[in-house]
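The values are calculated or read from the model by the stated rules, or taken from the named source; none is laboratory data. As the structure is a computational prediction, the values presented were derived from the model and not from experiment. Note that we place each Cβ from the backbone using ideal geometry, even for glycine, and neighbour counts take in every protein chain shown.
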Protein chains: 2
Amino acid sequence: MNKNNIGIKQLISLTEEDMEKVNSLIIQKTMSNTEMIPKISQYLISSGGKRLRPMLTIASSRLCNCDNEHYITLAASVEFMHTATLLHDDVVDDSRMRRGKISARMLWGNEASVLVGDYLLGEAFKMMVNARSLDALEVLSNAAAIIAEGEVMQLVYSNQLLLTKEQYFKIIDHKTAKLFSAAAEIGAIISNAPKEYAEQLRDFGEFLGIAFQLTDDALDYSSDSSDIGKDLGDDFYEGKITYPIIVAIEKAEAEERTKWEKLMQKKQRDENDFQFARNMLVTSGAIKETLIEAEKYAHKAIKCLDCFHDNDIKKAMIDGAHFSYNRDI
Amino acid sequence: MNKNNIGIKQLISLTEEDMEKVNSLIIQKTMSNTEMIPKISQYLISSGGKRLRPMLTIASSRLCNCDNEHYITLAASVEFMHTATLLHDDVVDDSRMRRGKISARMLWGNEASVLVGDYLLGEAFKMMVNARSLDALEVLSNAAAIIAEGEVMQLVYSNQLLLTKEQYFKIIDHKTAKLFSAAAEIGAIISNAPKEYAEQLRDFGEFLGIAFQLTDDALDYSSDSSDIGKDLGDDFYEGKITYPIIVAIEKAEAEERTKWEKLMQKKQRDENDFQFARNMLVTSGAIKETLIEAEKYAHKAIKCLDCFHDNDIKKAMIDGAHFSYNRDI
């Protein structure tokens, strides 16, 4: 597969000016006299995430010819929601690293990560209110509850080896795709676009989110980039049952299945375990199958854009969908 | 001081019918197919809190002759916000007990407590959106951020013995009084009451919240009730510098001050330490002074009701303000 990381360049370029406004707003809204709040927030926010979610809100608003500036505020609120989730996630997963840096909780403790996450969530809602759209607020508050529900599901299933594909998709739909979906939908809502457009963009975001998550799952075992934004094997070391493992176990004979069980039930997994798992996933074709599944979802996403006229932003969104599965970062 | 716990009876009785609606809504909104969510939420919600905050929203709405049912939804959302805060608080404070029961985090773990707290916060915002008032949403989202900011402040100051009264009031104003204040203010907002009424009720809630917190601080050392809702000495064992200790240290000679320093800097404090501290707080008059301060704030709260006509609900709110400092539960 041709790793075409320039696929997202056009989207970045077209949203650049707006993203600068979003970034200023983000910095401004993390300010607080309680020094620890801007310190932790900015540490994480400036740690080089791709900022796909706010970019999606901007792209969606532009596609719907938005004639007000509220989409900037909503885009920033989406990034705040995402950052709050990351802070809490790292506490729940005991993560030592995030985006290639030491995680906030390792530097400032779990307590501060929980509370600063809460603060960012509060600020996210304040920004949403500033955008004065009850419909956008409905979509985003719904997303907030569903994301948390997905995280709880993941926790409940965390020590269960035989996660079905159905359970897996339910989790990622909640914990990842929902925010992509909301990010895209509110762009249409704040532009006062027809309901059908909002629905299509909602689905575009959802399918795109699933494609991204599937690819992330594959990259955890297969990336050769140092810039993946997390460490190779993060999911594996945390004992997370992701799509490639589900596929590999499905294909496995009894003996190999036992190996997987032993591997994932170990209290701690080491570098040798990782290389072994990685090898099994590659040779069984599970990585490839995961990326093919991601590509399917990307195509479903692209199909949702059919109702929109062809233009630069639509083309960049289509490229972005191809990028979702065709990347090594 | 006459411990007149019947002081809140009238308020409970006048809001009883509405509180039943709030309670049904709460149960309904904790439902989720992810079993752990209703389990943890209902464990905490049904553990016998006084539900003062939703009661305040109801009282406030009734005082402003609210002619719609949205105040029920807002009252439930306030209780959800509060419950989310308690779940996260217990994680941050490593609390073993809450309201006289084993804390949720001891039963289901820190991870689940963080995530279910997030879920309840999301659901709280969904309910607020259902009430369709951007002004109420503004007040409540602002409160959410400020509460978290107060918690971060408290964390930052947590190992600092010489907390000033100013710092103390700043913390409790953020982490406790703000939600009381928002709970009261939104009652006026959702009733479309004049702005002045909303402002007076906002201040009423704020002063009342401070009075409650000061009294809670005192009761941690002086309650003789088994029904205080938390264990005697909780704050002390957690090493929390509360108002009575600040007063005692302020009054102390050098020798006694050193004793306090040693006591609060210990890694763990035992029953003997607690009896010693309690004795110092009672004999120095620090407990009494704390309750006098609480009473002052209760009177400030009552003053805010001057602009309203005398009626049953106003009288019950005044009684509630007296209850804030005059109770042993």
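Here are a few things to note about the model shown:
- Unmet requirement for B:N142, which otherwise passes all of (1) surrounded by fewer than 20 Cβ atoms within 10 Å (Cβ to Cβ); (2) more than 14 Å from chain A (Cβ to nearest Cβ); (3) polar (S, T, N, Q): (2)
Let's see how each residue does on (1) at the interface with chain B (Cβ under 7 Å from one of its Cβ atoms); (2) touching a strand residue (DSSP E or B) at 6+ places or on another chain (Cβ under 6 Å); (3) surrounded by fewer than 24 Cβ atoms within 10 Å (Cβ to Cβ); (4) not in a helix (DSSP H, G or I):
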{"residue": "A:G117", "(1), (2), (3), (4)": "no, no, no, no"}
{"residue": "A:E123", "(1), (2), (3), (4)": "yes, no, no, no"}
{"residue": "A:M128", "(1), (2), (3), (4)": "no, no, no, no"}
{"residue": "A:R132", "(1), (2), (3), (4)": "yes, no, yes, yes"}
{"residue": "A:L137", "(1), (2), (3), (4)": "yes, no, no, no"}
{"residue": "A:I146", "(1), (2), (3), (4)": "no, no, yes, no"}
{"residue": "A:E151", "(1), (2), (3), (4)": "yes, no, no, no"}
{"residue": "A:V156", "(1), (2), (3), (4)": "yes, no, yes, no"}
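- A residue that is in a helix (DSSP H, G or I), within 14 Å of another protein chain (Cβ to nearest Cβ), buried (at least 24 other Cβ atoms within 10 Å of the Cβ) and under 14 Å from the mean Cα position of the chain (by Cα) can be found somewhere in the range A:181-190.
- Evaluation of A:K240 against (1) within 24 Å of B:S32 (Cα to Cα); (2) surrounded by 22 or more Cβ atoms within 10 Å (Cβ to Cβ); (3) among the charged types (D, E, K, R) (one fails), failing number: (2)
- Residue among A:Q154, A:Q167, A:Q160 that alone is under 21 Å from A:R53 (Cβ atoms) and of a type in the set (S, T, N, Q): A:Q154
- For the range B:28-53, the set of residues classified as within 13 Å of B:E79 (Cβ to Cβ), in a helix (DSSP H, G or I) and more than 14 Å from chain A (Cβ to nearest Cβ) consists of B:Q42, B:L44, B:I45, B:L52, B:R53, listed by residue number.
- Condition broken by B:W260, with the remaining ones in (1) touching a residue at least 24 places away in the same chain (Cβ under 8 Å); (2) closer than 22 Å to B:L155 by Cα; (3) in a loop (DSSP other than H, G, I, E, B) satisfied: (3)
- Residue pairs whose Cβ atoms lie under 7 Å apart, separated by 6 or more positions or on different chains, with the first residue in the range A:89-112 and closer than 22 Å to A:Q154 by Cβ and within 13 Å of chain B (Cβ to nearest Cβ) and the second among the basic types (K, R) and not in a strand (DSSP E or B), are A:D90/A:R105; A:V91/A:R105.
- Screening the candidates A:D310, A:D235 for the property of being surrounded by 17 or more Cβ atoms within 10 Å (Cβ to Cβ) and either more than 17 Å from the chain's Cα centre (by Cα) or assigned to a helix (DSSP H, G or I) (or both) yields one hit, A:D235.
- Check on A:S60, touching a residue at least 12 places away in the same chain (Cβ under 8 Å) and touching a strand residue (DSSP E or B) at 6+ places or on another chain (Cβ under 6 Å): no
- Annotation note: of B:Q160, B:Q200, B:Q213, the sole residue that is more than 12 Å from every other protein chain (Cβ to nearest Cβ) and not in a helix (DSSP H, G or I) is B:Q160.
- Qualifying residue in the range B:71-80 (condition: at pLDDT below 95 and either assigned to a helix (DSSP H, G or I) or within 10 Å of chain A (Cβ to nearest Cβ) (or both)): no
- Of the numbered criteria (1) touching a residue at least 12 places away in the same chain (Cβ under 8 Å); (2) under 24 Å from B:E123 (Cα atoms); (3) hydroxyl-bearing (S, T, Y); (4) buried (at least 18 other Cβ atoms within 10 Å of the Cβ), the one B:T34 fails is (1).
- Residue identified as surrounded by fewer than 18 Cβ atoms within 10 Å (Cβ to Cβ) and under 23 Å from B:L179 (Cβ atoms) among B:K300, B:K259, B:K251, B:K288: B:K300
- The lone exception for A:Q275 - which of (1) of a type outside the set (V, I, T); (2) buried (at least 18 other Cβ atoms within 10 Å of the Cβ); (3) under 27 Å from A:E238 (Cα atoms) it fails: (2)
- Lone qualifier among A:L25, A:L63, A:L56 - being more than 17 Å from A:I189 (Cβ to Cβ), away from chain B (no Cβ under 14 Å), aliphatic (A, V, I, L, M) and in contact with a helix residue (DSSP H, G or I) (Cβ under 8 Å, 6 or more places away or on another chain): A:L25
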